[in-house]
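Student: Mind having a look at this structure? Questions to follow.
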Amino acid sequence: MAAPNNVFRGPQSVAQYFDPDKSPPLPLVEIPNRLNPFRKDNVRIYAKLLTCLPAHNVKSLPALNMLLREPKARDTKIAEASSGSTVLSLGIIARVLWGNGDVDAYVTNKKPRESLNWLRFFGIRPCLYGGLAQQEPTDPAGIMRRLRRRANAGEDIVYLGQYDNENNWKAHEKWTGPQIFKQLPEINVFCTTVGTGGCITGAGAHLKSKKPSVRVVGVFNIFGDPTPGPRHFHGFHTCGFPWEGTVDASIEVASADSYRMSMRLSREGLIAGPSSGEALQGILQYIAQVKDAGQLAQLADETTGEISCVFTCCDLPYQYMSGYFQKLGANEFPPIENEILLQCDQTRHDERWVLDAHETMEFIFGTANSKPAQHKATISTQSLEFAISAQTRPSDSKMTTNLFTMLHSWLGRLYDDFLGIPHLQRHKCCSIHSFTQASPSALILDFRSEMDFRARHLPGSYCASLEGLTPELAHGDLFGDANTVHFIWSNIQSLLDQPRVSSLLQGARKDHRTVIVVCYNGDASQLGSSTLRDRELEAFNVKEGFEKLWAVYEGAGLV
């Protein structure tokens with residue numbers, strides 16, 4: 001009995017949510033005509049959305065049925081040879097029913113790490129094995145026989161064995177088949193991909209018991225061209241499930257066609273993975289074969305003249321996304337606009353690394369021995385003026401410090417010149433800077449041109465002129481022009497790798513100095529601070545650039 005209004009309450013709410021008998025039937029949706037080339041032939045095709053199950057895949061039904069019929073599964077380690085929907089469903093449902101989170105997935109070591117992390121996200125432990133990736137259940141040396149032997153030998157594990165456990169196919173006989181027949185009693189063709197064979201055996205058997213004329217079509221991979229989930233017929237024909245009296249026809253589908261049809265379904269609003277695409281492609285190939293043989297009328301309903309077909313949507317596309325781009329051509333996807341930006345500016349940006357002019361001035365000239373990241377309150381002009389005026393009093397100690405600093409700088413430059421070491425341009429400040437010193441914990445890098453730097457700059461600044469940077473670049477909107485972002489970012493990398501700049505930054509890193517990056521409007525300096533942060537330097541950029549900063553400096557009465 002379905003829960004009233006599909007609401008689940010109480011201690012067993014999630015367990016009830018996973019119980020198909022307490023939920024409405026899963027949707028059965030006719031596909032758009034764009035996906036049905038046989039609509040003009042009175043063929044209607046419906047998608048049975050098994051992806052709407054709570055675990056979002058077809059395997060949650062057999063997983064539930066197998067767990068409920070294995071008493072030891074309540075409190076014993078569960079092991080399954082699966083890297084996908086089956087073990088995912090076992091892991092989720094065992095926890096939902098009993099709080100048993102001890103589930104091992106035996107997975108080929110050829111699986112990408114992303115797939116392994118997907119299992120780990122759900123609390124499932126991947127246990128890797130080597131050799132063939134897709135092993136047959138009947139292989140005496142295969143992983144499934146190995147697990148069976150361990151379970152039979154009394155090891156403390158439960159191996160449910162999805163490939164030969166009758167509760168697999170009986171789950172679909174109990175739930176999937178009855179739902180479909182109740183929703184669409186006029187059904188003529190049922191089509192599903194074949195993995196373990198549970199869905200086609202169970203649902204097919206029920207449909208034929210209600211309506212013997214229903215054609216049941218199994219869809220398989222082409223040997224050597226796998227789509228995740230289904231198997232090739234050569235590996236399936238030895239299946240122990242009673243499928244032979246149920247399956248009327250078999251179709252093989254290429255993996256590229258499966259992925260393509262999955263993508264088309266998803267773009268039309270029926271979000272489905274490659275196995276689902278294979279099922280739809282399979283039913284289209286089957287209808288085409290029947291039509292070419294002139295036998296389409298034999299499938300039609302005697303009353304309506306229509307042919308009603310159902311295929312299963314068993315999986316979602318997200319975990320297989322890389323496969324779409326491997327299997328399909330680039331022309332099947334929209335191009336990426338401004339793709340050049342994937343080649344640059346990949347480091348993090350953070351609003352906390354942007355200082356306004358007042359915050360910058362306080363850190364450079366004010367009280368703040370504290371770092372900007374720890375002191376980002378807006379400072380009033382009055383407090384800034386007080387802080388700077390306190391520095392500009394020509395006290396004897398300040399004069400002595402300035403003389404010492406000038407002498408140290410001159411000797412250092414002389415030493416560099418003697419050794420032939422190029423130095424970064426840190427121009428002798430004009431008279432208005434004579435008694436104004438920047439904080440020793442700050443390193444100011446000015447990206448503006450050398451000419452603009454000579455005209456005006458903050459005391460203690462270093463001229464690190466960035467090639468190609470002008471106030472008019474990209475009409476003042478750097479981030480609005482992808483090619484300009486790439487151009488400026490590339491030039492920043494070159495600038496920071498120059499020996500003279502690199503040496504300066506190494507010193508800043510060693511002395512734990514904070515780098516303040518200045519440019520014309522704050523855009524290039526934002527790229528600079530992001531790059532410096534990635535190089536393990538504490539760096540900030542100045543919002544709105546030098547002109548705004550200079551206006552605050554000038555407003556403090558220092559010019």
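Student: How long, wide and thick is the chain, going by the Cα atoms along their three principal axes, in whole angstroms, largest first?
Tutor: 106, 59, 52
Student: Also, I was wondering about something else. Residues with amide H under 5 Å of Thr108's amide H, sequence separation 5 or more or different chain, H placed in the peptide plane at 1.01 Å from N; which?
Tutor: Tyr129
Student: Right, here's the next one. Too long at a 29 Å Cα-Cα cut-off: which of Lys77/Lys110; Lys111/Lys291; Lys48/Lys327?
Tutor: Distance filter (> 29 Å) returns Lys111/Lys291.
Student: While we're here: Assign unit charges at the C-beta atoms only (+1 for Lys and Arg, -1 for Asp and Glu), then state the dipole size of the chain relative to its Cα centre in Debye, rounded to the nearest 20.
Tutor: Dipole about the Cα centre, nearest 20: 1500 debye.
Student: Nearest 10 degrees, 0 to 90: what angle lies between the long axis of helix 396-419 and the longest principal axis of the chain (Cα atoms)?
Tutor: Roughly 70 degrees, rounded to the nearest 10.
Student: In the structure displayed, which of Lys22/Lys72; Lys72/Lys208; Lys182/Lys208 lie more than 23 Å apart, Cα to Cα?
Tutor: Lys22/Lys72; Lys72/Lys208
Student: For the stretch 354-363, in order, what is each residue's ³J(HN,Hα) by Karplus, 6.51 cos²θ - 1.76 cosθ + 1.60 with θ = phi - 60°, in whole Hz (x at glycine and Pro)?
Tutor: After applying 6.51 cos²θ - 1.76 cosθ + 1.60, I find 10, 9, 7, 4, 5, 4, 5, 5, 5, 5 Hz.
Student: Does the stretch 71-159 come out rounded, prolate or oblate by the C-alpha gyration tensor, with a ≥ b ≥ c the root eigenvalues, rounded set by a/c under 1.5 and, if not, prolate when a/b is larger than b/c and oblate if not?
Tutor: Numbers: a/c = 2.32, a/b = 1.12, b/c = 2.07.
Verdict is oblate for the stretch 71-159.
Student: If you don't mind, there's one more thing I want to ask. Using Cα positions and a limit of under 15 Å, work out the aspartates and glutamates in reach of Lys59, with same-chain residues fewer than 8 apart set aside.
Tutor: Cα-Cα hits under 15 Å: Asp19, Glu80, Asp164, Glu166, Glu173, Asp315.
Student: Separation of the stretch 76-125 and the stretch 454-473 by C-alpha centroid, Å?
Tutor: Taking the Cα centre of each part, the stretch 76-125 and the stretch 454-473 sit 58 Å apart.
Student: Output the antiparallel fraction of DSSP beta bridges having both residues in the chain, as a percent to the nearest 5.
Tutor: Once the DSSP bridges in the chain are tallied, antiparallel ones form about 10 percent.
Student: Still on this structure, please answer the following. Counting Lys +1, Arg +1, Asp -1, Glu -1, what net charge surrounds Ser322 among other residues with beta carbon under 13 Å of its beta carbon?
Tutor: It works out to a net charge of +2.
Student: Taking the alpha-carbon distance from Lys40 and a cut-off under 19 Å, which aspartates and glutamates remain once sequence neighbours fewer than 8 residues away in the same chain are dropped?
Tutor: List returned: Glu30, Glu186, Asp292, Asp301, Glu302, Glu306.
Student: Next up: Ordered by residue, what ³J(HN,Hα) values in Hz, to whole numbers, does the stretch 73-87 give under the Karplus form 6.51 cos²θ - 1.76 cosθ + 1.60, where θ = phi - 60° and Gly and Pro are x?
Tutor: So the Karplus estimates, Gly and Pro as x, are 5, 4, 9, 10, 4, 10, 10, 8, 7, 6, 10, x, 5, 5, 5 Hz.
Student: Please list the non-local residues whose amide H lies under 5 Å from the amide H of Arg44, H modeled 1.01 Å from N, same-chain partners needing a gap of 5 or more.
Tutor: Residues meeting the criterion, in which the H sits 1.01 Å from N, are Ile307, Ser308, Cys309.
Student: Still on this structure, I have one more. Quick one: Karplus J couplings for the stretch 196-213, per residue in order, coefficients 6.51, -1.76, 1.60, θ = phi - 60°, nearest Hz, x for Gly and Pro?
Tutor: Calculated HN-Hα couplings, in order: 6, x, x, 5, 5, 6, x, 5, x, 4, 5, 4, 5, 5, 8, 8, x, 6 Hz.
Student: List the residues, sorted by chain then number, that are 5 or more residues from His232 or on another chain and whose placed amide H is less than 5 Å from its amide H.
Tutor: Asn221
Each reported figure results from applying straightforward, stated rules to the coordinates on display, with no laboratory input. These figures come from a predicted structure and were not determined experimentally. Virtual Cβ from ideal backbone geometry, glycine too; neighbours counted across all protein chains shown.
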